[in-house]
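Contents: one structure, followed by commentary.
The values are calculated or read from the model by the stated rules, or taken from the named source; none is laboratory data. Since this is a predicted model, take the numbers as computed values, not measurements. Here the Cβ is made from the backbone with ideal geometry for all residues, glycine too, and neighbour counts use every protein chain on show.
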Amino acid sequence: MTEGWRDLAQVAGGVLVLGLLLRGLARRRRRTRRPDLAAFLRRCEAQGTPPDVATQVFHALQEWRSDEGARFAVRADDRLERVYGIGADEIDATVALLARRLGRRAEPGRKRPALATAADLAHAVASCLPDPAARPEEVDA
């Protein structure tokens, strides 16, 4: 009888692993199919981020993560480090790059709250001052 239970446990474990694997694949497929700019904008606007800045940050993040023509579905609550590989030591450079693309200037050495999500990044870029000498770049949509 013990051998029967062991076999049953192995089958159940295999089914569980297969189910988790399929769930992960389905989640990844959904993310690359439905980029939702409107949801991103709603979340960013709730934080006081102007829609033009949020839109450009959305498209930049999407550009950085898209594979072979499939558009990555950027979400406002995406964790910068886990989803985009943007570590704490790269935040300032990322904010400065995006600010430059939008004709803004990131102040070097400026203390900013910890940025954890894509919406936080958009808000940080929006807090950069407009730079009259800069010419905004268009981010491919």
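Condition check ((1) of a type outside the set (Val, Ile, Thr); (2) in contact with a Gly (Cβ under 6 Å, 6 or more places away or on another chain); (3) at negative phi) across all residues:
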| site | (1), (2), (3) |
| --- | --- |
| His59 | yes, no, yes |
| Gln62 | yes, no, yes |
| Glu81 | yes, yes, yes |
| Ile86 | no, no, yes |
| Ala99 | yes, no, yes |
| Ala106 | yes, no, yes |
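Here is a yes/no grid of residues against (1) modelled with pLDDT under 90; (2) more than 19 Å from Glu45 (Cα to Cα):
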{"position": "Gly85", "(1), (2)": "no, yes"}
{"position": "Arg100", "(1), (2)": "no, yes"}
{"position": "Arg110", "(1), (2)": "yes, yes"}
{"position": "Pro113", "(1), (2)": "yes, no"}
{"position": "Val125", "(1), (2)": "no, no"}
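Out of all the residues in the range 128-137, is one or more in a loop (DSSP other than H, G, I, E, B), assigned by TED's automatic domain parsing to the domain that holds Glu45, farther than 22 Å from Asp36 by Cα and aliphatic (A, V, I, L, M)? There is at least one residue in the range 128-137 that is in a loop (DSSP other than H, G, I, E, B), assigned by TED's automatic domain parsing to the domain that holds Glu45, farther than 22 Å from Asp36 by Cα and aliphatic (A, V, I, L, M). Comparison of Val83, Val95 shows that the only residue that is within 18 Å of Asp36 (Cα to Cα) and crowded, with 17+ Cβ neighbours inside 10 Å is Val83.
Somewhere in the range 2-16, is a residue modelled with pLDDT of 90 or more and out of contact with any strand residue (DSSP E or B) (no Cβ under 8 Å at 6 or more places or on another chain)?
no
Determine whether the range 64-76 contains at least one residue that is of a type in the set (D, E, K, R) and touching a strand residue (DSSP E or B) at 6+ places or on another chain (Cβ under 6 Å). So far as the range 64-76 goes, no, none of its residues is of a type in the set (D, E, K, R) and touching a strand residue (DSSP E or B) at 6+ places or on another chain (Cβ under 6 Å).
For the range 40-72, taking the residues that are under 13 Å from Leu121 (Cα atoms) and among the hydroxyl-bearing types (Ser, Thr, Tyr), the one that is nearest to the chain's Cα centre (by Cα) is identified as Thr55.
The single condition among (1) in a helix (DSSP H, G or I); (2) crowded, with 16+ Cβ neighbours inside 10 Å that Trp64 does not meet is (2).
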